[in-house]
Amino acid sequence: MKRFILATAIALSASNTIALENNFYLKSTYGSVDTNISSKDALESFKTKLSDSSGWSITLGYRLNKFIALEGGFADLGDTEGSYRHEEWSFSQWGDEMSEISTIDYKISTDTKILGLFLTTDITKDFYAGARVGYQLWDEQFQKRHEFSARWDWGDYHGINTTDETNDGSDPYYGISVGWNNNNWSLSLEHTIFEMKDRKPSLSSLGLTYNF
């Protein structure tokens, strides 16, 4: 995938296509993230549903011609969280009362670095549509915080255990975009899917681009 992207970029940049006044552009997006973790899977794994999250991205692009651009950037797919609480009351064989409270908090944070191509209709027109494809280096952090407390007639106990795990890898990403040009500015609606081993989170966002 990397070799394909670089080879395509070099071949197109070497051709004598129509030059653009504003070859470079800087784009920022903000929107909602679908973690691709179903409620059923979350309940089975964490005994609780996970919250929705918001994400953002920033991209620097270079237009090779009116129809194709080379892009590189960073996307933060936000934090999705969940909390599970369990409380139990019991009595010992001696009649002593005992209560146990266990609270487990989960958080999954994901970000990725991207490099790819953006293929569009004529970008110099007022309206355009296109597709993007490329390669990404992603990083996923999983945090688990377990707070436990117990109370007996003869005393109390309280403890906290934390677990941090990191997963990373390199996989393709792809998406679609439609936009509207106004002078050096562009407004766009975008949907991008990021493949990450067992799941495919996606970012549906509103983008603002400055062409320079």
Item checked: Positive-end residue of Gly179, Gly159, Gly207, charge dipole of region 154-212 with Cβ unit charges -> Gly179
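Could you order Arg85, Arg63 so the one with the most accessible surface comes first? Probe is 1.4 Å.
Ranked from most to least accessible, the order is Arg85, Arg63.
Taking a ≥ b ≥ c as the square roots of the eigenvalues of the Cα gyration tensor of region 109-212, is the shape rounded (a/c under 1.5), prolate (a/b larger than b/c) or oblate? Mind showing how you got there, number by number?
Numbers: a/c = 4.63, a/b = 2.81, b/c = 1.65.
Taking the square roots of the gyration eigenvalues as a ≥ b ≥ c, region 109-212 is prolate.
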Notebook entry, point to check: What is the count of Lys pairs in region 65-197 whose alpha carbons sit under 24 Å apart, if the two are 8 or more places apart or on different chains?
Noted result: 5
Checklist line | Difference of contour (0.36 nm per residue) and Cα-Cα distance, Asp52 to Glu88 | finding: 10.0 nm
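Could you sort Met98, Met196 by accessible area so the largest value comes first, with the probe set to 1.4 Å? Don't skip to the answer; put the middle values down first.
Values: Met98 40, Met196 5 Å².
Greatest to least solvent exposure: Met98, Met196.
The values are calculated or read from the model by the stated rules, or taken from the named source; none is laboratory data. Only a predicted model underlies this, so the values are computations on that prediction, with no experimental measurement involved. For neighbour counting, all protein chains shown are included, and Cβ atoms are generated from backbone atoms with ideal geometry for every residue, glycine included. With ligands, DNA and RNA removed, areas are computed over all heavy atoms of the protein, side chains included. Shrake-Rupley method; radii C 1.70, N 1.55, O 1.52, S 1.80 Å.
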